[in-house]
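Below is one structure; the comments refer to it alone.
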Amino acid sequence: MTADPLIAESLPAAMDVTTRVARTFSVAIRFLPAPLRRDVYLLYLVCRTLDDLVDTAHPEAQQRLQEVQAWAAGTGETAGREVIILRHLVTSYPAMPRQALVDFCTGQLDELAGVSIETEEDLDLHSYRVAGTVGLLMAGMLGVSDTAAEVPARAMGIAMQRTNILRDIDEDLARGRVYLPTRTMQKLGVRDLARDDRTELLRLEIALADGWYERGLAGLEYLQRGRRQVRAAAMMYREILRQLERDGLGRVRPRRVSVSTRRKVWLVTRAMILPPSIA
């Protein structure tokens, strides 16, 4: 099947948004074969576009998400840039699970309506929907040798989303959003996330995120391609947790935590020179 002209037209924007917004991710995928790398850029463009529509409460957000969801579920037509790109990707990589796209849209629609996170299980479900689904889609693109790969692929996305939440606590608070579980905060005596000491809360949440990374990294052996690249992305993202610890867990941060370029280079180098079977 001849690729839709929109695919080629979308590639520059896909490369730009990935390298500009997802700097850690873009460093890791730079080492993928060129055709696969271009398609990963396109997948990120779709996910980022839909996520931004939700973050800005764009008037078209619900409609665009529902169009993608209906197409992925097999009940809608191929229309709109996101669906056309996804059709190209699913055709090129048949192992990409359409159900993951349905679930991703469910997570974004929940976000649009104002998701409520009461328990750690709620946070895991939300993290799966908005990021674990992307892990499943990436695994489908990279190729897997066993259906057991689904569990670690989900886990890697959950780990990264939990890391995002811990990195962005104050940024989210400024927008009136809290993603840490209400019951966990109450149990640890955190009534006001903006003022109370967060040390024990963050210590617990970091440990939970680390556990998800361990589960995700344990599945590298199932990937047919990109093991080192996925490991590099995980190591760089996980380093955000270590930077939080170095900065001090009780601090209120006026800006998001970031890992230095020098540190990222070291982590990528380590990830790329280790045997692919070693996580």
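The values are calculated or read from the model by the stated rules, or taken from the named source; none is laboratory data. As the structure is a prediction and not an experimental result, all values here were calculated from the model. As a convention, Cβ positions derive from the backbone with ideal geometry for all residues, glycine included, and neighbour counts pool all protein chains shown.
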Answer residue from the stretch 1-48, given it is surrounded by 17 or more Cβ atoms within 10 Å (Cβ to Cβ) and polar (S, T, N, Q) and is modelled with the highest pLDDT among those: S10
Across the stretch 107-126, what is the number of residues that are modelled with pLDDT of 95 or more, surrounded by fewer than 16 Cβ atoms within 10 Å (Cβ to Cβ) and either within 15 Å of the chain's Cα centre (by Cα) or assigned to a helix (DSSP H, G or I) (or both)? 1
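Can you confirm whether P276 is at pLDDT below 70 and surrounded by 11 or more Cβ atoms within 10 Å (Cβ to Cβ)? Don't jump to the end; show me each part of the working.
Details: at pLDDT below 70: yes; surrounded by 11 or more Cβ atoms within 10 Å (Cβ to Cβ): yes.
Yes, satisfied.
Give the residues of the stretch 222-262 that are of a type in the set (A, V, I, L, M, F, W, C) and exposed (fewer than 15 other Cβ atoms within 10 Å of the Cβ), sorted by residue number.
Once the filter is applied, which keeps residues that are of a type in the set (A, V, I, L, M, F, W, C) and exposed (fewer than 15 other Cβ atoms within 10 Å of the Cβ), the stretch 222-262 yields only V252.
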Determine which single condition P94 fails, assuming it passes every other condition in (1) out of contact with any helix residue (DSSP H, G or I) (no Cβ under 7 Å at 6 or more places or on another chain); (2) part of a helix (DSSP H, G or I). (2)
Which one of these does I84 not meet: (1) under 28 Å from R175 (Cβ atoms); (2) in contact (Cβ under 8 Å) with a residue 60 or more places away in the chain; (3) in the same structural domain as E67 (by TED's automatic domain parsing)? (1)
With R256, R262 as the choices, which residue is charged (D, E, K, R), modelled with pLDDT of 80 or more and not assigned by TED's automatic domain parsing to the domain that holds I29? R262
Those residues of the stretch 68-81 which are modelled with pLDDT of 95 or more and either under 21 Å from A13 (Cβ atoms) or surrounded by fewer than 18 Cβ atoms within 10 Å (Cβ to Cβ) (or both) amount to V68, A70, W71, A73
Return the residue satisfying two criteria in turn: it lies in the stretch 228-255 and is more than 17 Å from the chain's Cα centre (by Cα) and not in a loop (DSSP other than H, G, I, E, B), and of such residues it is nearest to R38 (Cα to Cα). R228
Quick one: which residue in R48, R129, R64, R87 is under 30 Å from R183 (Cβ atoms) and either of a type in the set (K, R) or assigned to a loop (DSSP other than H, G, I, E, B) (or both)? R129
So, in the stretch 132-176, of the ones that are in a loop (DSSP other than H, G, I, E, B) and more than 18 Å from the chain's Cα centre (by Cα), which residue ends up farthest from R225 (Cα to Cα)? G176
